[in-house]
Structures are given as structure tokens and as C-alpha cells.
1. Here is a check on your reading of the model: is A191 open to solvent by less than 20 Å² (accessible area, probe 1.4 Å) and more than 20 Å from H253 (Cα to Cα)?
2. Take the residues of region 617-640 that are open to solvent by less than 10 Å² (accessible area, probe 1.4 Å), of a type outside the set (G, A, S) and free of Cβ contacts under 8 Å to residues at least 60 places away in the same chain: which is farthest from M551 (Cα to Cα)?
3. Considering only residues that are assigned to a loop (DSSP other than H, G, I, E, B), among the hydroxyl-bearing types (S, T, Y) and crowded, with 20+ Cβ neighbours inside 10 Å, which ones fall in region 543-571?
4. Kindly indicate which of P406, P429, P460 is modelled with pLDDT of 90 or more and not in a strand (DSSP E or B).
5. Tally time: how many residues in region 252-277 are within 17 Å of E238 (Cα to Cα), touching a residue at least 40 places away in the same chain (Cβ under 8 Å) and open to solvent by 10 Å² or more (accessible area, probe 1.4 Å)?
6. Search region 142-160 for residues being touching a residue at least 60 places away in the same chain (Cβ under 8 Å) and part of a loop (DSSP other than H, G, I, E, B), and hand back the single one that is farthest from P254 (Cα to Cα).
7. Please find, among T449, T454, the residue that is modelled with pLDDT under 95 and either open to solvent by less than 20 Å² (accessible area, probe 1.4 Å) or assigned to a loop (DSSP other than H, G, I, E, B) (or both).
8. Does S141 count as touching a helix residue (DSSP H, G or I) at 6+ places or on another chain (Cβ under 7 Å) and surrounded by fewer than 20 Cβ atoms within 10 Å (Cβ to Cβ)?
Amino acid sequence: MMSYLGLGVVGMCVLLAAGGWFLRANRPAGPIHREVPAGLAEPAPALVVSTLAGRPLPPTYADGQGSAARFARVGALGADAKGNLYLVDGTAIRKITPAGLVTTLAGEPPAPQKLTDGHVMHIATTTDLANGQGPAARFGSPQGITVAPNGTVYLSENNTIRRISPQGQVTTLAGQPGYGPEAAGHRDGPAAQALFSYPTGLVLDAAGNLFVADTQNEVIRKITPAGMVSTLAGEPGEYGAVDGTGRAARFDHPKALALAPDGALLVADVANGCIRRMSMRGEVTTWAGTMTNTHTGTWPGAKLDLDGIQSMVVDRQGTIYFTSNDARHTVRRLLPDRTELVIPWAGQQDARAYTDAATPTEARFNYPDALALGPDGTVYVADVQNYVIRAIAPSGRVYTLAGHPPRTTLDGSATTAEFSQPRGLALEPNGSLLVADFGTGLVRRVSSTGEVRTIAGRFPSPDVRSQAPEEIFEPAGVATGPGSSVFVADESRHTIYRLSPEGKVQVWAGQPGIVAGNNDDGLIWAARFNKPNSVAAAPDGTLYVTDGETMAVRRISPKGKVSTLLKGDIHSVSPLSNEGHYFYPSAVAVGPDGAVYVLQGRLLRYASGSSRAEWLAGNYEPGYADGPGRQARFHYPTGLAVDGQGNVFIADRGNHLIRRVSPRGEVTTVAGEPGRHRLEPPLTKYAEHFYGPDGSGGMEGQALGDYRNGPAAQARFNHPAAVAVAPDGTLYVADQDNNCIRVIRAAEAGRR
């Protein structure tokens, strides 16, 4: 290999010049660049921004009354003597009154963002195991919870037992915080010196003694009100399936605990698949189920299947209520005489849904997990995947105590409909708007009044086993074609679909689920695509598709031939380097005259019938600047629309703005507030930058957007992904991370 180090300064200069000439001479013909004379842009009319349909960023965490409350990650449950519930919700501890009022007792809300200036701007942070008052305390991942009659809460977490006073003061009762060998272990004695290893289940007796299932130590521990820790049963570090007294007994991952009416401790011996009974003298017997590897038993309930118990409570009559992995979506009941279980007592095996009902068997749950027992005998259920707290009254009635019940449809009026990451827009001749709702896998139609209806795809019902696979997985782009047809680019299935006016879905090009090679052109049934993410239709029926992973723009003729208009572009960092920056086409649009426009960080224009591009505006480097031609800058633009006069409108995703490019290439900002959001630095000389469809949208550490209606210059967006323009100049914006559709129109039109 030739070494460039011995060339000297002169030789290097010659080589650089020659290398530059060689690259220019042998480079494929690039876009024609037309210098744009500097001049004043036409004065823009006064515009206002409003929301047509959808709601920005519905909360995932909120205190409030009943259905106004929101839960992020429901976990363990406990109840006090007044019927108040205490819930582990991710990194916060919540309190729920018998009337359903939800407040945060301690810890940081687990919602990843907080509201600022009417919208989400601040990213929350957490620090494990910090004591303090209320919101100053920090939790990592509490596993077990029990509550004293006066409302004092005890938690097991990260090799420690923690205590929360009724006023929200958090302290460490026993154990050593941390994950290393210095924190985990087994040591009895004063609580401050004691060691635990992944404690889980907790329960209090009437005298204030706290019992702990020290799961990875395979033992049952006791903490007295004076703070002394002792081991009641099991041998530290030794697992097994042996009845006996004290350290002669063996457990295998004991977890849930409950107290029987006679004062005995019931232990869910999870890996052994049974319930053990331990007297206060440490005598351990098998109470229900058959221990692993034993297979036989003569006690009542020996044949019961008790694998995978997750949570367990006992009422005053001695009836056990529990949830388990092997009885999905149900709450089971074990009677005091240990006769056969009523299966299901509440819910139905494998019937994953949400239904309140007059009786437990008619109700439906979605992964019920933690249980708590109220003083009046009400059984409370943490319905994990429904994100609600359910209650089963002594009468058998099942109702929702707190949380927002799941929806059965996302359609509805402008104020009630919901979107999830809308990414593609297209206007129909009658003025209705089509939306590729990426996050839901649906194609939606929005009327001029904001009424939303799904026209393709299936709403994700909780009972996924009961319905056929969804017809569309990830619609990323949508376009209208001749004859009222609709075309959809499905990014995850690498397919272009055609929707008939009747809503029938037909594979138009590509094969669902088959990943393409590089630009495998041919007839529509032979061609392959790889993450197509936008689609546009020409007046003659030709389709143009941005094919994400191949970095190409594909063309599908009305007769079904697939060809390549634009190949992926690698921008070399220097003449002597093989390294480069990769630029993906992120959007395509067709003007009324048949001209094709492509966003590739910059804006390219292909005259109708031409295969050679004109570099109209923008540049490779991300940033923000209005101005002529290449002097302008965009920041990961992803949406395109062209009006009847040849003006191009761009959803400038990274800048959270809507931009306009005149036919001469003059770039102006139409809506949004420039400069409010941090931009990533320019591309470094040798860094490989994927300006395209990666998980972060091409921007690591990207700034969050905002949400505000009103005058266009003060309006705010959150990663606008697509834009469409009506014949009267009204602009529609898919405001992706605000989960809504916005409208930009003249102020006079907005007042009509």
C-alpha cells in the first residue's frame, strides 16, 4: 500500500488537487444547482395555528379523583385500617382513599416528563434509595408492601426494608442499600446492621412485628418493633423442599406472605409450587399444593395447582385470594377447608380484557397482579395492563376504583379522538384528511370538523388471541391516487398497500415481511422494499416511494414496473477518505405539474419526466437558517407538500417548525418559534451520521418540542412529521409527538 507520509508538502498538495479532480471527473452526475439571487420574500399573510383533532401528549401519570387519575406502572398494594390503599407506582408511592382520590405520598412521579409552560419540557431523573420527605425521597423498584393500621407503610427494596410515615417521611428501617456484596447477605441483630438478599413479601401482625420473605436467602425473617432482626425458618442460602422447625425447614424462593386468622404465617413458596404454613415457633408444614419433586401428599388440597403465586391475601374467615402466573387474567380463591378452587373466582382464564360486572366471574382483567384486602372485606386488584385499580366488593360487584379505563376505539370527535405518532398525511378530493397513524397501526380519516374514523387496520383489542393479525403494522406514509384510491407505505412489513374506496386492503408492491436487497427493481410482485416510509402519487398514477434502509427513492409506474429514481447518497468527508455521512431520503411529494420533490436533508426537485435533480434549497449540514438556496438549513426535515403555485412546505421535524420554499428556492419559516430548542452540533469531520430512519429520528439527545396554538410565529410543535396543503392554502400538520393534527390558515379564515 502506498504511504502518503513521504510525499512532502508539495507532493501532498498535488495529490489533493489530482484526487479532487479525479473524484469530480468520475462522480455520477449530481443535481443541477441554480444560484438563487438574493431578494425579499413575499410578505406572508397573518396565519394562526389551531388543533383539528387529537390531544397533545395524554398524561401517563396524574393524581386526581377516580378516572382522572393515571397510573404509569402499577405494582404492590397494601391497605390500612381505614380502607386507604397504598400503591407502588414505578418510582413513586401513591395513596388511594376509599372514595378513589389518588395522591402521591412519597417519591418522584414515574412519568418521564413534567409539564412546563403548558407542555412537556423537563425530563425527570431518579436516584435510587434516597430518604427524605415526600417528593424528596427516591425509590428504585420496591417489591413488597404492607401497611400498619395507622397508615405507616413498609416497603422491601434493594436489600433493605424502608418505612414511610403517614406524613410521607421516608427512612430505612433495616438492611444496607446497594447492589454489591457489601449490601446483600444474611445477618441478624439490630436492624441497622442486618443484611438481607432481595427481600420481597411483607406482612405485619397485631403486635407490630414485621415478617419478611428474604427471597434469595431462602428464609423467613422477623423485625420486632424494637428493631431486632431474627431468622424464624429456613437455612440462609440453602434452598429445598423440606418441612421442619426453624433452620431445619427449606424453602425455594419464598415470596408472598399473609397472616391466617389464627395468627399463623402463610408463605407462597413459589419455586416449590405450594403454600407453606409457619407457626410463630417456626414450625413449617405444607398447607396446600404439592412441593416440587414430592408428587404425593395426604393433606387437604395436596393436589391443587399453585404454581407461580404472585400475590396473596387472607380474609377473616381464612379464605385465601391470590393471583398466579398459571391462571392468567384471573383472581383465584382457596377456601379454608382447602377444597378444590373455584376457577376462576374473578375473571376468566386467558380472557384478557376490561369489564366491570355484577359478579366476579363476569368481570374481565388484563394481567391482574397485586392484591390488598380492605377492612370491610373488599379485595383490591392492581389490574396492571389496564392501568387501573379494581375492587371486588363483599357482594361480588367488580368496579374500578381509580385510573382511566382503557379505550375500545381511538375514533370520535375532535376533542375525544386520539392519535399515536401520526407520520403521514394526504388530502382527499372532498377535503377529508387521511392520516398514517404510525403508533396505532391504523389509517384514519379526519373530516373538516375533526371527526376521526379508522378506515384500515384493526384497533389493538386486549384479547389478541381472538382476532386475526392486523392488516397494517406501521403505516408511515399515505397518498391519494386516481379513482379515489389510497396508497399506504407500511414500514415494518416493507410493503405498499392500496386501499379501495370500500376499505379493502390489497398488496400493491412488495411482499409483506420479506426484506429487500439493494434496489431490487422489477414488476410489483417481484420488487422488494426495505422500510418504505413515505409515498406520493403523480397525476398519471405513478407512485414515488422513499425506501428507508436502501436510501433510495423508488418509482412504481401505473403498469407495475418498479425502478429507482434516486440512489442513496454518501457525502465523503475528504478526497482521501472512504468515510462519509449517509443521507437518507425522508420524504417525497409530487407537484401539480408532475415535478417530484425529495427531502434528503436538502430539498431536490425533478422536473416532470426528468431523472436529473435540481438542488433547490438546504444543505447537508443540519441547522436552522432561512434564506436563499443552499444558504438555508433544515434539521431532519421529514414532511413535504406542494401547492398549485409550486411553493413547497416542509415539516422541519428537528427544528419543530413548518417551512416554506418558494419556486426560486427562497426559504422562510411559516409557523413555529425558531430558536426555542437546542440543536445538535454540526457533523464532526469523521463521524458517521445517519441522517435517517434510526430510532431517534437521526438526532441523538434531541430537544423536545412544545405545544401552543395561536399566531403562527408564536405557535409551537413537537416533531412535526408531515404536512399537507389544501387548494385554498390551508396547511395540515401531523404533529407527531403531540399526537394530534394541527391546522395553519389565514387569521380571517380561522375566525370564520
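1. yes
2. Result: F634.
3. If the condition is that a residue be assigned to a loop (DSSP other than H, G, I, E, B), among the hydroxyl-bearing types (S, T, Y) and crowded, with 20+ Cβ neighbours inside 10 Å, then T550 is the only one that fits.
4. P429
5. Number of matching residues: 2.
6. Across region 142-160, the extreme among qualifying residues is N150.
7. The match here is T449.
8. no
The values are calculated or read from the model by the stated rules, or taken from the named source; none is laboratory data. These numbers were taken from a predicted model, which means no experiment stands behind them. In this analysis, Cβ positions are derived from the backbone assuming ideal geometry, glycine residues included, and neighbour counts consider all displayed protein chains. Heavy atoms of the whole protein, side chains included, go into the accessibility calculation; ligands, DNA and RNA do not. Shrake-Rupley method; radii C 1.70, N 1.55, O 1.52, S 1.80 Å.
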